[in-house]
Ligand code: 13P
């Protein structure tokens, strides 16, 4: 990848960071984003900055162990880089990882309720279900270890008492997964206030799984092995 191409991705990370911040999917300096740019090379957001106000000079470059390859003075890679690297290691199809604390998805993660109710076609086709990885202390191996069991069947997981993690073949698609998780969580929350969602029947769910298989949608899904 040329430096020009790498700079373009740095700008994209800033643009997606702003979108995440502007949509209220993170508060303050929360959240982090990474993109794979080579076999053992990744770009990531720095620790402790607002994702809404980044410029390309903020973005760090690391290897697969999280060692710094490039970082401007005053910037260090995200404290959650191990979580991102575990996803890349165990999912060779993934080129980008997004971590955020969207309000509704995080509320479900805090209440310990996974997003499993079949309530709308898009969530069933594109996410299937969103499980909860058990609580781990941020920045330690506990979160990567907790997320690992779900990586082969899902493209998004809730992090217990913490937030959400989404990953895909591109930065935009990883971001879109995060948006879909939050939209699903918000709908489920609101439907519960309205007396509880009317769940789709198993045969309707099966037809949606068929559609996913026919579309050949990329990524992992609990119903498509
Ligand atoms: P960093 O600023 O180190 O990326 O951490 C933010 C965060 O949300 C931790 O969960």
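The values are calculated or read from the model by the stated rules, or taken from the named source; none is laboratory data. Since this is a predicted model, take the numbers as computed values, not measurements. In this analysis, Cβ positions are derived from the backbone assuming ideal geometry, glycine residues included, and neighbour counts consider all displayed protein chains.
Output the number of residues of the range 67-94 satisfying the condition of being under 20 Å from residue 29 (Cα atoms) and in contact with a helix residue (DSSP H, G or I) (Cβ under 8 Å, 6 or more places away or on another chain). Outline the logic, then answer.
Filtering the range 67-94 for residues under 20 Å from residue 29 (Cα atoms) gives 71-84.
Restricting the remaining residues to those that are in contact with a helix residue (DSSP H, G or I) (Cβ under 8 Å, 6 or more places away or on another chain) gives 72, 75, 78, 80, 82-83.
Qualifying residue count for the region: 6.
In the range 2-15, which residue that is closer than 17 Å to residue 176 by Cα and surrounded by fewer than 23 Cβ atoms within 10 Å (Cβ to Cβ) is nearest to the ligand (Cβ to nearest atom)? Before the answer, list the steps.
Step one: of the range 2-15, the residues closer than 17 Å to residue 176 by Cα are 9, 12-15.
Then drop every residue that is not surrounded by fewer than 23 Cβ atoms within 10 Å (Cβ to Cβ), which leaves 9, 12, 14-15.
Details: 9: 18, 12: 17, 14: 14, 15: 18 Å.
Step by step, filter the range 2-15, then rank; the result is 14.
Can you tell me which residue among 149, 118 is part of a loop (DSSP other than H, G, I, E, B) and either within 20 Å of residue 205 (Cα to Cα) or free of Cβ contacts under 8 Å to residues at least 60 places away in the same chain (or both)?
Working: 149 fails: part of a loop (DSSP other than H, G, I, E, B).
The match here is 118.
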Exercise for the section: With the condition kept exactly as written, say whether any residue in the range 154-175 is on the phi < 0 side of the Ramachandran plot, free of Cβ contacts under 8 Å to residues at least 60 places away in the same chain and more than 15 Å from the chain's Cα centre (by Cα). Expected result: no
Fill in the blank from the handout: Across the range 32-52, the tally of residues that are more than 13 Å from the ligand (Cβ to nearest atom) and assigned to a loop (DSSP other than H, G, I, E, B) stands at 2
Practice task
Kindly list, by first and then second residue, each pair from a residue in the range 209-222 that is at positive phi to a residue that is in a helix (DSSP H, G or I), limited to pairs with Cβ atoms under 9 Å and residues at least 6 apart or on different chains.
Solution key: 219/126; 219/173; 219/177
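Check whether at least one residue in the range 66-77 is at pLDDT 95 or above, within 10 Å of the ligand (Cβ to nearest atom) and part of a loop (DSSP other than H, G, I, E, B), and report yes or no. Reasoning before the result, please.
Within the range 66-77, the first condition is being at pLDDT 95 or above, and the residues that meet it are 66-77.
If we keep only those that are within 10 Å of the ligand (Cβ to nearest atom) as well, we get 76-77.
Next cut, part of a loop (DSSP other than H, G, I, E, B) only: 76.
Yes, because at least one residue in the range 66-77 is at pLDDT 95 or above, within 10 Å of the ligand (Cβ to nearest atom) and part of a loop (DSSP other than H, G, I, E, B).
Is the range 161-168 home to any residue that is part of a helix (DSSP H, G or I) and either farther than 30 Å from residue 37 by Cα or touching a strand residue (DSSP E or B) at 6+ places or on another chain (Cβ under 6 Å) (or both)? So that I can check it myself, show each step before the final result.
Here is the first cut: in the range 161-168, the residues part of a helix (DSSP H, G or I) are none.
Scanning the range 161-168 turns up no residue that is part of a helix (DSSP H, G or I) and either farther than 30 Å from residue 37 by Cα or touching a strand residue (DSSP E or B) at 6+ places or on another chain (Cβ under 6 Å) (or both).
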